[in-house]
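Student: First the structure, which I've put down as structure tokens, then a few questions once you've had a look.
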Amino acid sequence: MFCLNKIKQLNIFEQVSELKYMTTKQPVRFIKLLADNFDINTFIPNSFKEHYYSNLGKNREYELSSVLSALLIMQIFHIPTTVLLTIFLIQSSN
């Protein structure tokens, strides 16, 4: 590709490859990247938030964004149980 300046063009394949590498070789860095650049609250519809926090259900011990973040981490890293997720998060914080 012709380019007048020396700036490298972004390549989506390289970006996805880097993210896959980070999930397997540098999971702590990947989680930090998500925490710094991904706001899960913007993806949660207000109707879903209202239903989650409604008075009809029980009081919620955990925030909706925390629960959804945990579920995302479980899916990204293929963690099958919440016990393994807890161990993963404890090890990540050390």
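Student: For Y52, only one of the following conditions fails: (1) surrounded by 10 or more Cβ atoms within 10 Å (Cβ to Cβ); (2) within 27 Å of F30 (Cα to Cα). What is its number?
Tutor: Single failed check for Y52: (2).
Student: Can you say whether L72 is under 12 Å from the mean Cα position of the chain (by Cα) and surrounded by 10 or more Cβ atoms within 10 Å (Cβ to Cβ), as far as the supplied structure shows? Give the derivation first.
Tutor: On the way: under 12 Å from the mean Cα position of the chain (by Cα): yes; surrounded by 10 or more Cβ atoms within 10 Å (Cβ to Cβ): yes.
Taking the combined requirement at face value, the residue satisfies it.
Student: Can you name the condition, by its number, that L64 falls short on among (1) without any contact (Cβ under 8 Å) to a residue 24 or more places away in the chain; (2) within 18 Å of V28 (Cα to Cα)?
Tutor: The failed condition is (2).
Student: Please tell me if L72 is touching a residue at least 12 places away in the same chain (Cβ under 8 Å), aliphatic (A, V, I, L, M) and over 16 Å from T23 (Cα atoms).
Tutor: No; evaluated as a whole, the condition is false for this residue.
Student: Say we look at region 18-47 and pick out the residues that are open to solvent by 60 Å² or more (accessible area, probe 1.4 Å) and of a type in the set (A, V, I, L, M, F, W, C); which of these is farthest from I87 (Cα to Cα)?
Tutor: F43
The values are calculated or read from the model by the stated rules, or taken from the named source; none is laboratory data. Owing to the predicted nature of the structure, the values given are computational and were not obtained by experimental measurement. Every residue, glycine as well, gets a Cβ built from its backbone with ideal geometry; the counts of neighbours run over all protein chains shown. Quick note on the areas: whole protein, heavy atoms, side chains included, nothing else; ligands and nucleic acids left out. Shrake-Rupley method; radii C 1.70, N 1.55, O 1.52, S 1.80 Å.
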